[in-house]
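Below you'll find the structure, written out as structure tokens, and then a few comments.
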């Protein structure tokens, strides 16, 4: 199948973990849903387009940054002793919180839409984007170093392929359980890497009634290991035409 291969750079970025609040923690690489959201935004898609994605990359370090945080509750009336801001009759709390930022991020992404006829459309959206692309927060701008249409093929490796220098990836957990990959820096009895359940796509579920619907997002999540891996010989992987492994999900 064909895929779009992207190489991106970002200076300071936060890929927010949904369960972090006071400290806005970041995933080490963008989750699948974030990458898919960027594609849909640049292509102006209004309905979900199924696609497979591989996410690899690295960052130099982490820093913490302060930002202004606003808190409000539905129908909470303004109280001068409690709220810093008044909006109509309602009160809003204003304070300071901390965001974790990744420094000097490099990303290697493979994006393969299920509808292969959309390859050229997605390629054009990144070659001539309608607005400056961002990945993570709205202000996390991305510099595009490469956009290339590549052919992906399932191949049995004749020799192992090690991850690019200092690069890590989101590796589907099944590949480790089947011992098709080996995490680098292996120590006997200890499996390196960090386990995540990453969101990919969602469907809307009505938890209310037909007359009074309450729609919630029900996320499809993928279990992965974040780490630097070697694809082992005599195992089958998606390989692009330049010999790079793509851990497609």
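The values are calculated or read from the model by the stated rules, or taken from the named source; none is laboratory data. Not measured: the values here are computed from a predicted model. In this analysis, Cβ positions are derived from the backbone assuming ideal geometry, glycine residues included, and neighbour counts consider all displayed protein chains.
Here are some notes:
- The residues of region 1-26 that are part of a strand (DSSP E or B), farther than 13 Å from residue 198 by Cα and at pLDDT 95 or above, listed by number, are 2, 3, 4, 5, 6, 7, 8, 9, 10, 11, 12, 13.
- Residue tally, condition under 16 Å from the mean Cα position of the chain (by Cα) and surrounded by 13 or more Cβ atoms within 10 Å (Cβ to Cβ), over region 114-143: 8
- Applying the criterion of being in contact (Cβ under 8 Å) with a residue 24 or more places away in the chain and in a loop (DSSP other than H, G, I, E, B) to the residues of region 45-61, the residue that is surrounded by the most Cβ atoms within 10 Å (Cβ to Cβ) is 59.
Let's see how each residue does on (1) outside any strand (DSSP E or B); (2) within 16 Å of residue 136 (Cα to Cα); (3) touching a helix residue (DSSP H, G or I) at 6+ places or on another chain (Cβ under 8 Å); (4) at pLDDT 95 or above:
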site	(1), (2), (3), (4)
28	yes, yes, no, yes
70	no, no, no, no
73	yes, no, no, no
92	no, no, no, no
96	no, no, no, no
102	no, yes, no, yes
109	no, yes, yes, yes
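- Some residue of region 4-17 being in contact (Cβ under 8 Å) with a residue 12 or more places away in the chain, closer than 20 Å to residue 148 by Cβ, in contact with a helix residue (DSSP H, G or I) (Cβ under 9 Å, 6 or more places away or on another chain) and crowded, with 19+ Cβ neighbours inside 10 Å: yes
- Restricting region 146-200 to residues that are modelled with pLDDT of 95 or more and in contact with a helix residue (DSSP H, G or I) (Cβ under 8 Å, 6 or more places away or on another chain) leaves a set whose member that is surrounded by the fewest Cβ atoms within 10 Å (Cβ to Cβ) is 149.
- Of everything listed in (1) on the phi > 0 side of the Ramachandran plot; (2) free of Cβ contacts under 8 Å to residues at least 24 places away in the same chain, the single unmet condition for residue 166 is (2).
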